[in-house]
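> Here you go, one structure.
Rule-based calculations on the coordinates, nothing more; no lab input. Because the structure is predicted, anything quoted here is derived from the model rather than measured. Note that we place each Cβ from the backbone using ideal geometry, even for glycine, and neighbour counts take in every protein chain shown.
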Amino acid sequence: MTTLKYLNTEACNFEACHPVWNCQNTDSISVSKANVHAKVLVQRYPLLGGTSRRHGASITCPVCFKDKETLQHFLLSCPAYDQHRLSMLARANTVIMTNDGSKSSNLLQMSSEQLVSTILDSSHVDDLDDTSQQALNEVMKDYCFKIHHLRSVLLHGESRYVVATKRHLKTRSSTRL
Ligand SMILES: [Zn+2]
């Protein structure tokens, strides 16, 4: 089941792409990041306690085993991702605080629900100029992707991201020759 609960529909514009779908680059890693972010946004990311869970299956987080693997747990409270979460939130807050128009917004003062909404669709932050909006969107894509990557590595070992990165670097080095 998908949901657009976290999409800021007020940012929809018939003449332009919604800010959340903007992608600065079209290389395979950027596309993978956008893909993961979109899946988490519409709740199609396969969290055990998410909207697409299988009936009767365990919903305990398979990484920390401490709580249900809900969207909030995945994005905000699973202790396995604490280090990445803190550095990404600091990066995001820097983008917001250095934008002249939105000095009143501070991620650290948001409720959990507001923070989840902002991670999934950064256009929820009011008064950002286009450059800051784009920068925040990229940070939030990185945020979801890093947590996704860590989850994949912890559950399955080397992730497809690592394989894709190695292939990307190999292609780049061979085209330079
Ligand atoms: Zn957990």
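> Going by C-beta contacts inside 10 Å, put Met88, Met110, Met140 in order with the fewest on the left.
Values: Met88 20, Met110 16, Met140 24.
Listed from fewest to most nearby Cβ atoms, that is Met110, Met88, Met140.
> For segment 29-100, calculate the relative contact order in percent as a whole number, restricting contacts to Cα pairs under 8 Å that are 6 or more residues apart.
On the way: 54 pairs, mean separation 12.6, N = 72.
So the answer I get is 18 percent.
> Quick query: amide H of Lys68 versus all other amide H atoms, modeled in the peptide plane; which residues come in under 5 Å with a sequence gap of 5 or more or a different chain?
Under 5 Å from the amide H of Lys68 lie the amide H atoms of Cys61, each far enough along the sequence or on another chain.
> Would you kindly derive the ³J(HN,Hα) couplings of segment 120-130 from the backbone phi angles with the Karplus curve 6.51 cos²θ - 1.76 cosθ + 1.60 (θ = phi - 60°), listing them in order in whole Hz, with x for Gly and Pro?
Coupling constants for segment 120-130: 7, 8, 5, 6, 5, 7, 6, 6, 7, 6, 4 Hz.
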